[in-house]
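The values are calculated or read from the model by the stated rules, or taken from the named source; none is laboratory data. Just so we're clear, the structure is a prediction, and the values are computed from it rather than from any experiment. Backbone-built Cβ (ideal geometry, glycine too); neighbour counts: all protein chains shown.
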Amino acid sequence: MSEAVLAVETPGADAPGVSGARQFWRRLRTRRAALVAASAVALLVLVALTAPLLTALEGQDPTTYHPSLVDSARGGVPVGPLGGISADHWLGVEPQTGRDLFARLVYGARVSLGVALAATVVQLVLGVAVGLAAGLGNRWIDQLLTRVADIFVAMPLMIVALALLAVVPTSFPRPVLVALVVGLVSGWATLAKLVRAQTLTLKEADHVAAARLSGWGTVRIARRELLPGLAAPVITFAAILVPTNISVEAALSFLGVGVRPPTPSWGQMLTSANVWYQAAPQYLLLPAGALFVTVLALTVLGDGVRTALDPRAASRLRVGTGRKGGRS
């Protein structure tokens, strides 16, 4: 018998009597890349949560306009070396406005992560609700909700988001608006189709049939019997949505219809960087690097969570490695 087969059949992280949470953690901690990504995500979240404290250490805030720190005669070039780096402005100041770059970078983490997480919550609520309603409803409800989901899946996300954000009054809180638009026009429809397919399978299970015979209503069955079985695919899908939403928010802000000044956003910071990065490279490198690290870390973490939630994926990976490495 090959080592690959033994790797699948030998009890390990999934030994009987071990709780699901402990099995998940045992599988996750074997993936070093996921643990490194989780550490990076935790650091980014800490920076976002402590942004007021970090900027207080420097003594600056992200919205104050400093006209004395830029040379208006030269088009708003920051005064001083490397974009105005000094003891009071650790990373320099933005061109034309003189706003502190360090303060805008750390507050940009709060805005970008906050918008992405809020949009993800909207997508999860809509996706799970519509998917459950379609899977548990009658034939007409199922067909109607499925066709609606198909329409939203086929929508060009960026075009629809640009159109909606362009017509809404600017007096509406922009981060909230961006989160709602991104959450409503993307992601949830694909999740709804996934939840519907899972619901159609789960509702035929014996424990669901027993609950139905006991007189349980549809809402109670969905809450007590179906939602626990949907947790793994929903969490996996959420891990994909968060980095996607960060990228979408950055793209919308870069195009000028997302988060607008003076509210800081990484995508918005890149808008002026394409003109001024030659004067000081940090204008481009800092927000672009923050976006790259955040999206990469969340993507790697999401892949690790997916594998930890689905032990069959890890088994298939071990089988493939064993077959490639030697013969039975």
Please go through the stretch 210-259 and give me each residue that is touching a helix residue (DSSP H, G or I) at 6+ places or on another chain (Cβ under 8 Å), among the hydroxyl-bearing types (Ser, Thr, Tyr) and over 19 Å from residue 161 (Cα atoms), ordered by number. 218, 236
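In this structure, is residue 262 out of contact with any helix residue (DSSP H, G or I) (no Cβ under 7 Å at 6 or more places or on another chain) and either under 18 Å from residue 90 (Cβ atoms) or of a type in the set (S, T, N, Q) (or both)? Can you show your working first?
Values: out of contact with any helix residue (DSSP H, G or I) (no Cβ under 7 Å at 6 or more places or on another chain): yes; either under 18 Å from residue 90 (Cβ atoms) or of a type in the set (S, T, N, Q) (or both): no.
Here the answer is no, as residue 262 does not meet what is asked.
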Residue list for the stretch 43-58, restricted to those being surrounded by fewer than 12 Cβ atoms within 10 Å (Cβ to Cβ) and under 15 Å from residue 91 (Cα atoms): 57
(1) without any contact (Cβ under 8 Å) to a residue 24 or more places away in the chain; (2) within 23 Å of residue 233 (Cα to Cα); (3) within 25 Å of the chain's Cα centre (by Cα) all hold for residue 120 apart from (1)
Of the residues in the stretch 134-154 that are under 13 Å from residue 200 (Cβ atoms) and among the small types (Gly, Ala, Ser), the one that is surrounded by the fewest Cβ atoms within 10 Å (Cβ to Cβ) is 137
Considering the stretch 261-274 alone, what residues qualify as being touching a residue at least 24 places away in the same chain (Cβ under 8 Å) and surrounded by fewer than 21 Cβ atoms within 10 Å (Cβ to Cβ)? 261, 262, 263, 272
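Kindly provide the set of residues from the stretch 66-90 that are part of a loop (DSSP other than H, G, I, E, B) and surrounded by 22 or more Cβ atoms within 10 Å (Cβ to Cβ), ordered by number. Full working, then the answer.
Start the filter on the stretch 66-90 by keeping residues that are part of a loop (DSSP other than H, G, I, E, B), which leaves 66, 75-76, 79-80, 84-90.
Correct list: 84, 89.
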Kindly indicate the residue of the stretch 144-174 that is in contact with a Gly (Cβ under 8 Å, 6 or more places away or on another chain) and at pLDDT below 90 and also nearest to residue 118 (Cα to Cα) among those meeting that condition. 174
Could you figure out which of (1) closer than 30 Å to residue 236 by Cβ; (2) among the polar types (S, T, N, Q); (3) modelled with pLDDT of 85 or more; (4) surrounded by 14 or more Cβ atoms within 10 Å (Cβ to Cβ) isn't true of residue 63? (1)
